[in-house]
1. When only C-alpha pairs under 8 Å and at least 6 residues apart count, what is the relative contact order of chain A, in percent?
2. Which three extents, in angstrom, do the Cα atoms of chain A have along their principal axes, listed largest first?
3. Where Lys and Arg each count +1 and Asp and Glu each count -1, what net charge lies around A:ILE278 among other residues with Cβ under 12 Å from its Cβ?
4. State the Cα centre-to-centre distance between segment A:138-208 and segment C:89-114 in whole Å.
5. Calculate log10 I(q)/I(0) of chain C for q = 0.10, 0.14 Å⁻¹, where I(q) comes from the Debye formula with a single equal point scatterer on each Cα and nothing for solvent.
6. Quote the convex hull volume per residue of segment D:101-179, based on C-alpha atoms, as a whole number of Å³.
7. Roughly how crowded by other chains is peptide A:276-288, in terms of the mean Cβ count from those chains within 10 Å of each of its Cβ atoms?
8. Under the definition of Cα pairs under 8 Å and six or more residues apart, what whole-number percent is the relative contact order of chain D?
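The values are calculated or read from the model by the stated rules, or taken from the named source; none is laboratory data. As the structure is a prediction and not an experimental result, all values here were calculated from the model. As a convention, Cβ positions derive from the backbone with ideal geometry for all residues, glycine included, and neighbour counts pool all protein chains shown. To get the accessible areas, we keep the full protein, side chains included, count just its heavy atoms, and leave off ligands, DNA and RNA. Shrake-Rupley method; radii C 1.70, N 1.55, O 1.52, S 1.80 Å.
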Amino acid sequence: MWSSLWSQIIDLSIVVILLRSTTPILLASLGGLISDVTGVTNIGLEGLMLVSAFTSIAIGSVTGYWSIGVVSGVIICVLLSYAMGFFHLKMKVDIIITGFAVNMFGSSVTIFLMSKFFDATGSFNPSGLDKIPVVNIPLIKDISILGKIFSGHSLMVWIGLLCVGFVFIMLYRTPYGVHLRAIGESPQAAGSLGIPVRRLQYSALAWSGVFVGLAGSFMSMGMTGMFVKDMTAGTGFLALAVVLLGNRNPIGILIGSLIFGFAKALETLLQTIPNSPIPSQFVQMLPYVVTILALVVYAVRKQGRQIDSLSEASTGPASAVAPK
Amino acid sequence: GGNKSSGDKGGGNGDGDGKSGGKLSVGYYVNATLGDKSFFDSVKRGVDKAEKELGYEVKTIEGGTNQGDWHAGIESMVSSGKYDVILVGTSQTVEMVDELAQKYPDQKFIFFDDVVDQPNVYSMTYSQSEGSFLAGAFAGLVTINEELEGANPEKVIGFVGGMDIPIINDFKSGYEQGAHYVDKDIKVVSSIIGNFADAPKAKELTLSQINSQNADVVYQVAAAAGLGVLEAANEKGVYSIGVDSNQNDIHPGSVLTSMMKNLDSSTFRALEMFQGGELPFGTHEELGVKEEGVGLAQDDLYNEHVPQSIRDQMEDITKKLADGEIEVKSTLK
Amino acid sequence: MNKRHFLYLDLLGIIGAIFFAVLCGFIIIFFVSEEPNAAIASFVLGPFSSPFNISTILNKATPLIFTGLALAVVFQTNIFSMGAEGQLYVGGFVGALAATYIHGLPATIHILVILIFALAGGAIFGFIPGYLKANWNANEVVTTLMLNYVAIISTSYLINNVFKDPESGGFARMPFFDKDILLGKISGTFPVHYGIFIAAAAVVFVYMMLYKTRLGYEMRLVGQNIDFARYGGIKTRRIIILSVMISGALAGLGGIIELMGVHGTYKDSFSINLGFDGIIIALLARNNPIAVLLAALFYAYLQVGGQVMQAESDVSRELAVIIQVLLVLFVSAQAVFNYLKQRSIMKNKSGNISGDKAVKANVV
Amino acid sequence: MAALLEMKNIHKVYPNGTVANRGVNLEVHEGEIHALVGENGAGKSTLMKILFGLETPTEGEVIFKGQKVHFHGPRDAISQGLGMVHQHFMLAPSLTVSENIVLGDEPRKGFLHLFRDRKKEKEEIQELIRRFGFKLNPEELVESISVGQKQRVEILKVLYRGAKLIILDEPTAVLTPQETDELFDSIKSLVDQNYTIIFITHKLREVMEISNRITVLKAGKTIETLFTKNTNQEEISRLMVGRDVLFRVEKQEKEPEDTILELRDVSVKNEKGLKLLNSVSFKIRGGEILGIAGVEGNGQRELVEVITGLTKASSGQVLYLNENILGKSIGDIRSMRIGHIPEDRQTTGACLTSTIEENLILDIYNDPQFRTGPFLNKKKLKEFARNYIRMYDVRTDSELALAGSLSGGNLQKVVIAREMAKNPKLLIAAQPTRGVDIGAIEFIHQEIIKKRDEGTAVLLVSAELSEIISLSDRIGVLYNGELVALLNNAEELTEQEIGYYMLGIKRAVEEVAAHE
Ligand SMILES: Nc1ncnc2c1ncn2[C@@H]1O[C@H](COP(=O)(O)OP(=O)(O)OP(=O)(O)O)[C@@H](O)[C@H]1O
Ligand SMILES: Nc1ncnc2c1ncn2[C@@H]1O[C@H](COP(=O)(O)OP(=O)(O)OP(=O)(O)O)[C@@H](O)[C@H]1O
Ligand SMILES: [Mg+2]
Ligand SMILES: [Mg+2]
């Protein structure tokens, strides 16, 4: 079985799968990042993604344009994020409760609307859908290795990568981004300089909605061409883990998402090896175990640097002296 | 399959003294949510048909996925006393219904997909292994077929299941038996999604089966997530087999057939018999290929896209199954 | 401003919040339902309409009380564990093993042994994120979320492949527990299982532990200000680990009690979100164990209300959930309560700005 | 001179019912330095927050430049030329110095002015730093700079915005004498450039040195406004506290007893292996106060933490009653009758979100005497807390009030009460009077002397040289982690002299060696 796995790594199938499975996590966690940076931890990623996934495919299939679908998915997510802001910032509902509420809401409202508008229970599978296009790069697409790595991906894969740069520039190169970061660090400090803390937190939630909206629409109109109830199946929570793992910066988020994407790609490959002796459950656990390991390695290394410098103390002369 | 009768014909109350005056009422408890495009939806279709054609009053309650809720959910339907007959199913609720049937001996139940041995319960089960045997044989014929454009010379077929649990493994086992009946050398690649909702992952797994293992026909047993399987096969120009209800029209020409548990027609049939007062409560019917409880969806699309040779062979195999010439082993027994 | 007065304001706030939420729900229902009045009535009153429904509320609240307590305990230590779901599975599983494979004990002792196993299972599983947090400061949200998956998937593997009752058909479960170790029902017409009493005892236990013992004092200090706790000589790492373990033990207990009270055996994926609902409940209760009891009952009431409404009217399951969500949001809206309190203070104060606090304080 | 600012009959009731201002009047003239003094909790900060638009007054009016103004937020105040340095740092730690200074008012460039103009930002900050002569690296992260530098960042924030009326709320509380002098130079040069300053401090010496006029607040009311040149410290303190305050601590000569604490070549390293404490040795005997002077950040914190077990030593021995306590846990050390008043009462010394009682019982909750069975004996604990609240005159309604609701002085009294309650043989007091009012300072000093007279060994670490000189029997000076001097506190020892050691200009290693 290993030879089969190896050959797929060699022939770069894994890269293709990696990019595809990284994208929704990446986009969703960028969304999570922006609100997290201002101190609003958005646990509602899952629900927002579902709503966007449904909205974009619904509008996309009715209008016949994927672009309109994606934009509507994003708009709805932004609106929902504002609603989260209303409940959390204005009504002072705990952000975690708000997040879980959005998750439950997203799951239910999509099922409800699906049956209301499309008379479909559980899944909506429009035919002739205009999906988010695939980008084939001329010339490069014919070169074997480069072609496989760079060509033939969904437009949203590229948008996802661009968004990393966009968020980086926004957070570090614009005053707005510095304000956002300052608010997350010390709202009093920001407030004392006249920065409208509340309003910026709303705006951060709105950005959250934008990116999560893109992630959702990619799931229903890029990765697949359908909406299935609860189709996000935990992606939002994985994204949340990536937000926290990624050390609150877009590059960390990218790395975190890639680790996840890699684990998922590996899972996919391991799952399709004939007569694999590994029980499927263990393969399914892979992304989660990898995350824990990544986190522990990261944390131990951070701590290790401190412990190293102290180790002399425990072996040094101080501890050699017996108490009198 | 067969018709094992384990009790005398219990009284159906088809004489019209229904509890809601005149009309008979049926309560359908879904121990999940609707919308899997398969199992529970199929029963729902049968119930809806009964509402339209037999004049039943129908109430469907979705119990959700939390198993802890189901007992209370079913019991509250029973204790409300509103329903002449309650329709509920799956092996996950056997004990609950068993207990409730004893506690409320006047309440009639129609139980599907497993057996509850009580005098006020009529049970019907579906041999998914027999049905999947057909699917496996079909897949085997497709992958070695030379007429079909999407079929390649490699003898590899795919299976994508929702979870690694006994019922899914029963499907899988039947599928493998069928494929090996056609050709011993066929390799079955099997992947498990881990839930019944993650369509993107189902699609990813299927793509990988097709791309790296050269599977050219994939059978999905993953409820709503399985739609991802069908889409992947369609995109790649290979074939797939739907499940539970007729999914042939989702991607015509790619979804060549579907393994159907005909819960709709058997539900309708049971309700029809109930209305006529002739439903044999206290008995259990196993509906296999012979009873047409399970079978492949052989509709116009099937006839249009499946080569004659395969159709002929399938007819032959179906006949052998019905006659008991071929025995399918179920992992559940 | 005495405590009772605030309690009264809290109650007023809750009633107001419920009123608004119901109003919202009514507006929604009005648009989608043919029989809005019946729907609302069945939602609000349905849960109390029969002893059966009342007992359903209590049974549903039981595991939620445990998970709510589990999370209240860690939250008080300022650890944001989301791991109750996984701990509940592990505890339930280990307890179920004890229930199934230990024989020959008198029933009461057997039950005790089972509970201890479940408790230990949850606690040991809680140890992992606790240890990672205490020693390497590994973010507990991430570890617990991931460990939930690990717990759910690996128990699923074990139940499907190792401990499956061959009789269990299409969905794996263990053999049914002996009847005498099940948590009995109070009566046939009022089928509440005795788990609710264990849950109530757990509430008292957690309350005493948090507020009346040294451990509780230490846990709360670590939660309020870990620098201060460390300065005070409290072994903060130990407290962190202990807190997550106690939380795990409570969640595990919740798992086994759900199994012994409702399912009668271990079933694959028996809990859908009990652990996550516990988070909401703990937060609703502001991590106060007594309030957890009330919040869990409230939450269970909402769920039963939704079910009754679905059964008795044309409102669908999804809408019922949406209305529940609104209710939870409104009831946890701090702003309403703050507003009420502030207004009441201002009313009392504005009359006598010169009747002052500082001067009074001087007298003390 | 015309009044630049008038605040008339200001009342403020906080949402939780605290009445912070109850009729304050304040008049500030253009170009003056106006000192605002009063006990902890007198309402000074509140008044300034109202002026700056951070709080809305319940009653009263603000007249600025002859016009009635209503600031709806700091933004309004800033645009009118007001600037405020807050009592507690208002900085975002993970941003750089420069980012913190320009925050909310960044130079912009590019499309729609969406981007930061970092080049311009750098130039402007450098120009600003040069103009006011501050020593600061704009690229450094705020979390890694010293307290004094943070204070400068705060002031630069105000200057950057071109404020003409600058409010300084206890800017010197955390500064060393040298830094204070530097700050005063800057302030004076600002006044020369026609800036107006409102200056809050508890240090009357500073008030006398720098202000033109003084307004005294007490319990939320204006008591009086005085011309500095017509008054003296005694009068001000009488107005503030309502009685005479002793400025020089009365201290009897005392023969020291046996050695209680001895450090032998103790070193501490940080993560990068840099020595923060370098081979420090000294002894303290019972009934003796050893004062440690030094510019902040020269190892004082590490010295205190290594003795109390909060930091690990890389080498050396800490002998307490002849037992090496290095490597013992913090809890063990605390239980050996070692009291510790930490320098940061807001985070380490107290738990602001817990009750006063919970803050007071930090040691004794472990005492079996305060338990019944497995449970804490709540009644006895409450009694204990009430007792100490009374004995130490902590001004509060109830032992169940949150520690965070106390004013700085009262909070410090809670910390001291707790540490004294254990009847320490060794007392480590780090910055014990930082930010507390003169009444409380007097009280705290008396308590420390009392302990010394009872035979306790006291290690006093303070950035306040006058405090060190007035309390200590012997004085050590830390410079760069080294104990560069260990002197007897004789009459002829001057602040100047110690200052030389603190700045590393002079060393007295011989004396240190001789003492050993
Ligand atoms: N945000 C607030 N909410 C409630 N009470 C407050 C608030 N801020 C201050 N107080 C209370 O108002 C009173 C006056 O506080 P203020 O900060 O103005 O005093 P201060 O004169 O600045 O004292 P210090 O010298 O200690 O800085 C105190 O009793 C304080 O506890
Ligand atoms: N919302 C609030 N509710 C209750 N107390 C508050 C609130 N906000 C602030 N306080 C408290 O009121 C006081 C505010 O005073 P401030 O911060 O100006 O100085 P201080 O704490 O009195 O003195 P110092 O800083 O000199 O120790 C603080 O003790 C603070 O903890
Ligand atoms: Mg083939
Ligand atoms: Mg102040």
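1. Working: 495 pairs, mean separation 106.5, N = 324.
About 33 percent, as a whole number.
2. Principal axes ranked by extent give 85, 60, 40 Å for the Cα atoms.
3. Values: positive: none; negative: A:GLU267, B:ASP164.
Local net charge: -2.
4. 52 Å
5. -0.71, -1.21
6. Numbers: hull volume 8.5 nm³, N = 79.
Cα-based convex hull of segment D:101-179, divided per residue, equals 108 Å³.
7. Details: counts 3, 0, 0, 7, 11, 14, 3, 5, 14, 9, 0, 2, 11.
Rounded to a whole number, the mean comes out at 6.
8. On the way: 1019 pairs, mean separation 78.3, N = 516.
Contact order relative to length: 15 percent.
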